[in-house]
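Participant: Here it is, the structure in full.
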Amino acid sequence: MARYKDLPDTIPIFPLPGALLLPRAHLPLHLFEPRYLQMFDDTLKTETRLIGMVQPNPNPGNSAALHKIGCAGRITQFSETEDGRYMITLTGLSRFRLEGEEDGFTPYRRARVSWAGFEADRNGRSEHDHDFDRAAFLAILNRFFAARDLSADWSSLKEADDELLINSLSMLLDFEPEEKQALLEAPSLSTRRETLVTLLEYALRSGGADGEDVMQ
């Protein structure tokens, strides 16, 4: 468990629309812009190796505005390509509340954050959804995949634990950034599952966007 007092008050942030990171989940990222290559190099030198993923929330008065809740991930894997790009993996540690941005000389953005209120993210144990009707959930998911001509390893989906299944689908499925934010802010795994079901049902009713990705 990551102790509250050990977490930094300021972390680098990566605003990336549609990229969702959740606690204990893994997010692969491809870094190629010079500012994010610098962010990676600087983060590796820190004890915690944390990067905060945040959804942009632009408005007419501030095109650089961000949502107030993000999720910090620890760099757990990385490899460098021959042309200097990085392929990295962030492992979700904890959500945070963004309190303000730091002025400084780094080319990337840095933010003051509060970890209060997200203690359950850091307890080191997977969360369970005790009201989870897996058969009904997989039936809706099957309809969603069929409507978009997607494939899946259904045996793995049937056997995955609650948190892995719900959080992985929340991260992988092609929802709008605001919908991803709603999944991030869900206070529990049960409410995230309820939000996910609502989004799946809405997409089925509306026809949604054409899907071309294949889930392996």
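Just so you know, all these numbers are worked out from the coordinates, no wet-lab data involved. These numbers were taken from a predicted model, which means no experiment stands behind them. Using ideal geometry, Cβ is built from the backbone for each residue, glycine included, and neighbour counts are taken over all protein chains shown.
Participant: Please build a GNM for the chain, connecting alpha carbons under 10 Å apart, and tell me which residue among Tyr36, Tyr108, Tyr202 fluctuates the most.
Facilitator: Tyr202
Participant: For the charge dipole of the range 4-122, defined by +1 on Lys and Arg C-beta atoms and -1 on Asp and Glu C-beta atoms about the Cα centroid, which residue among Pro34, Ala120, Leu98 has the Cα displaced farthest towards the positive pole?
Facilitator: Ala120
Participant: Which shape class applies to the range 126-166: rounded if a/c is under 1.5, otherwise prolate when a/b exceeds b/c and oblate if not, where a ≥ b ≥ c are the square roots of the Cα gyration tensor eigenvalues?
Facilitator: Because a/c hits 1.5 or more and a/b exceeds b/c, the range 126-166 counts as prolate.
Participant: Now for a different question. Report, in deg cm²/dmol and to the nearest 500, the calculated mean residue ellipticity at 222 nm for the chain, where each DSSP H run with n ≥ 4 adds -39500 (n - 2.57) and the sum is divided by the residue count.
Facilitator: Rounded to the nearest 500, it is -10000 deg cm²/dmol.
Participant: Also, quick follow-up: Grab every C-alpha pair in the range 23-92, bin the distances at 10 angstrom width from 0 up to the longest one, and report whole percents.
Facilitator: Going from the shortest bin to the longest, the percentages are 19, 45, 29, 7, 0.
Participant: Let me ask something additional. Cut-off 10 angstrom, C-alpha nodes, Gaussian network model of the chain. Which of Gly73, Gly61, Gly117 fluctuates the most?
Facilitator: Ranking Gly73, Gly61, Gly117 by mean-square fluctuation puts Gly61 first.
Participant: Over all pairs of distinct alpha carbons, what does the Kirkwood formula give as the hydrodynamic radius of the chain, in Å? Kindly include the intermediate steps, with their values, before the conclusion.
Facilitator: Values: mean 1/r = 0.0544 Å⁻¹.
About 18.4 Å for the chain.
Participant: Grab the alpha carbons of the range 134-206, take their convex hull, and tell me the volume per residue in Å³. Before the final figure, lay out the partial values.
Facilitator: Working: hull volume 6.0 nm³, N = 73.
Spread over its residues, the Cα hull of the range 134-206 gives 82 Å³ apiece.
Participant: Calculate how steeply helix 162-172 sits against the longest principal axis of the alpha-carbon atoms of the chain, using the helix alpha-carbon long axis, and give the answer as 0 to 90 degrees to the nearest 10.
Facilitator: 70
Participant: How far, in degrees from 0 to 90, does helix 189-206 lean away from the longest principal axis of the Cα atoms of the chain, to the nearest 10?
Facilitator: Roughly 60 degrees, rounded to the nearest 10.
Participant: How many lysine pairs in the chain, separated by 8 or more positions in sequence or lying on different chains, have Cα atoms less than 29 Å apart?
Facilitator: Values: Lys5/Lys45; Lys5/Lys68; Lys5/Lys180; Lys45/Lys68; Lys68/Lys180; Lys158/Lys180.
Counting lysine pairs in the chain gives 6.
Participant: Only four residue types carry charge here, +1 at the Cβ of Lys and Arg and -1 at the Cβ of Asp and Glu. Report the dipole size of the chain about the Cα centre in Debye, rounded to the nearest 20.
Facilitator: Magnitude of the dipole: close to 480 debye.
Participant: Computed over the Cα atoms of the range 4-122, what is the ratio Rg over Rh, Rh following Kirkwood?
Facilitator: Expressed as Rg/Rh, it is 0.95.
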